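One structure below.
The values are calculated or read from the model by the stated rules, or taken from the named source; none is laboratory data. The model shown is predicted, which means the values in this text are computed figures rather than measured ones. For accessibility, only protein heavy atoms count, side chains too; no ligands or nucleic acids. Shrake-Rupley method; radii C 1.70, N 1.55, O 1.52, S 1.80 Å.
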Amino acid sequence: MMSIGIHDLSLATTHRVLDLDTLAEANGVDPAKYHIGLGQDRMSIPAADEDIVTMGAQAALPLLERHGAEGIRTILFATESGVDQSKSAGLFLHELLELPRTMRVVEFKQACYSATAALQSALGIVARNPRERVLVIASDVARYELDSSGEPTQGAGAAAMLVSADPALLAIEPISGVVSRDVDDFWRPNDSTTAVVDGRLSVTAYMDAMTSAWDDFAAAGGVGAEEIDRFCFHQPFTKLARKALARLSQHTGVELPDTLQEASFAYNRELGNSYTASLYAGLAALLDHDDDLAGRRIGLFSYGSGAVGEFFTGIVQPGYRQLRRAESIRDQLAGRVPLTLEEYRALHSAAHPSDVDWETPRVTEGPFRFAGIRDRARRYEATQTAPAGPTQE
Ligand code: CAA
């Protein structure tokens, strides 16, 4: 059977960062609560001229530079921090990346889960026509109210995936376990820029979804836990993934030590929660830091509050190490400018009216920027020169 999956994967984040030590000091909290209790060190914060579009386009650019745009006829943009109620964020990205007009572009929403729905849809499109490739973008800014318990689990990041036949990174296996249930654990009303969350309920809803998705995976004929070599779970904070793997171990009766997922935490400890991108930032970290993955099976658990869960598997392809981007991700993370508490709070509270013209200050050093609002519409631009046109593989 033809294999279909992730041909390449790239990450991007913002150019500002808040160290959780700064937040701990301000909140009078022992920093160990954040570093050990939640398993988080820093969180990316968008500058005034950054958002899900600029991060998504920055993540996609290296894929186009490496593989070209040929065969891409679909962009699926997954986010739960959309910038418009009607227009897909993918259309701004499509323009910034100077992609051909012969494409369908659409936005997917179901909290942190929707990138997995986009990935599954992409697999279906490629199965129907293996000459096509699909660009899947997951990009989010996680925002909770200042001084809330969710505040240290904010963050921002984007993952871009090129989905194709005969993938070079991860061949996705056909069996998935899925679960959906209407639960008010976390949501964001239309008039709110921050999420409403019942933290405790969100954790139990995540665990319930994980075991239910696993049960459905097993019932659908999925492999046993002992046949899975590594795990990569949605990581709103990395400690939750540790708890989830322990729960799966208990649930299946198979010993699943934390070493099977440890490498997947490297980026998310630094990014904070990036909602839809979180699982795929975990996957990128695993592929970048584990040298013994060729031919191995990874089990992935995707969760989106509200709530939908999916457990699925993929086989790492032999040449995956040649496609790594660890250095560029390390540079991006290290190049972020630390915010003072006052700067962070000012950014968090900044108003973003859509009914008057305004321009953003030039802050980001990324390739694209959000320039402001003109005639009620969002305006984006390349920061220096326009991106080089896609090169062929
Ligand atoms: N040293 C070491 N550890 C410490 C510590 C210290 N000094 N002080 C506390 N801790 C530990 C606690 O023991 C606890 O660990 P355990 O859970 O293992 O016992 C951990 O730090 C956190 O402490 P609390 O439970 O007291 O933390 P909290 O109540 O202040 O906040 C939270 C936790 C409710 C999850 C909150 O961060 C939150 O609401 N986050 C947003 C919601 C979220 O991320 N939910 C996850 C599931 S939903 C989802 O997955 C979708 C999504 O992306 C949002």
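At what distance in angstrom do the alpha carbon centres of the stretch 1-66 and the stretch 89-140 lie from each other?
Taking the Cα centre of the stretch 89-140 as reference, the centre of the stretch 1-66 is 20 Å away.
So for the chain: antiparallel DSSP bridges make up what percent, rounded to the nearest 5?
Expressed as a percentage, antiparallel bridges in the chain total about 75.
Roughly what % of DSSP beta bridges within the stretch 171-321 run antiparallel, to the nearest 5?
80
Can you list the residues, at least 5 places off or on another chain, whose amide H is less than 5 Å from the amide H of Ile228, using H built in the peptide plane?
For Ile228, no residues qualify.
Which residue, Trp358, Trp187, Trp214, tops the fluctuation ranking in a GNM of the chain built on C-alpha contacts under 10 Å?
Judging by the Gaussian network model, the answer is Trp358.
With a 1.4 Å probe and every protein chain left in place, tell me how much accessible area Ile329 has, in Å² to the nearest 10.
10
Pick from Gly295, Gly157, Gly253: which is most flexible by mean-square fluctuation in a GNM of the chain where alpha carbon atoms under 10 Å apart are linked?
It is Gly253.
Under the definition of Cα pairs under 8 Å and six or more residues apart, what whole-number percent is the relative contact order of the stretch 171-321? Walk me through the numbers before you get to the answer.
Working: 272 pairs, mean separation 53.6, N = 151.
Here the relative contact order equals 35 percent.
Amide H of Glu173: which non-local residues (sequence gap of 5 or more, or other chain) have their own amide H closer than 5 Å, using H built in the peptide plane?
Thr313, Gly314, Ile315
In whole Hz, what ³J(HN,Hα) sequence does the stretch 37-52 give by Karplus (6.51, -1.76, 1.60; θ = phi - 60°), x for Gly and Pro?
The phi angles translate into x, 9, x, 10, 10, 8, 9, 5, 10, x, 6, 4, 10, 10, 6, 5 Hz.
Starting at the first residue of the stretch 61-73, write each ³J(HN,Hα) from the Karplus equation 6.51 cos²θ - 1.76 cosθ + 1.60 with θ = phi - 60°, in whole Hz, x for Gly and Pro.
Running phi through 6.51 cos²θ - 1.76 cosθ + 1.60 with θ = phi - 60° gives 3, x, 5, 6, 5, 7, 10, x, 9, 4, x, 7, 10 Hz.
Go ahead and set up a Gaussian network model of the chain, Cα springs under 10 Å, then flag whichever of Leu286, Leu201, Leu76 fluctuates most.
Leu201
Under 22 Å from the Cα of Lys109, which lysines turn up, not counting those fewer than eight places away in the same chain?
Lys87
In whole percent, and with a 1.4 Å probe on the protein chains, what portion of the accessible area of the chain is carbon and sulfur?
Looking at the chain in its full context, I get 49 percent from C and S.
Between Val196 and residues 5 or more places away or on another chain, which pairs have amide H atoms under 5 Å apart, with H built 1.01 Å from N, and which residues are they?
Long-range HN contacts for Val196: Trp187, Arg188.
Tell me what the chain gives for mean residue ellipticity at 222 nm when only DSSP H runs of n ≥ 4 count, each as -39,500 (n - 2.57), the sum divided by the residue total, rounded to 500 deg cm²/dmol.
Details: 10 runs with 117 residues, N = 393.
One gets -9000 deg cm²/dmol as the mean residue ellipticity at 222 nm.
Roll a 1.4 Å probe over the protein chains and send me the accessible area per residue for the chain in Å².
Details: 16270 Å² over 393 residues.
On a per-residue basis, 41 Å².
Mind listing the phi-derived Karplus ³J(HN,Hα) values for the stretch 288-297, rounded to whole Hz, using 6.51, -1.76 and 1.60 with θ = phi - 60°, and x for any glycine or proline?
For the stretch 288-297, the Karplus curve yields 7, 10, 10, 7, 10, 10, 4, x, 8, 9 Hz.
Only Cα pairs under 8 Å and at least 6 apart count here; give the relative contact order of the chain as a rounded whole percent.
Numbers: 927 pairs, mean separation 101.0, N = 393.
Reported relative contact order: 26 percent.
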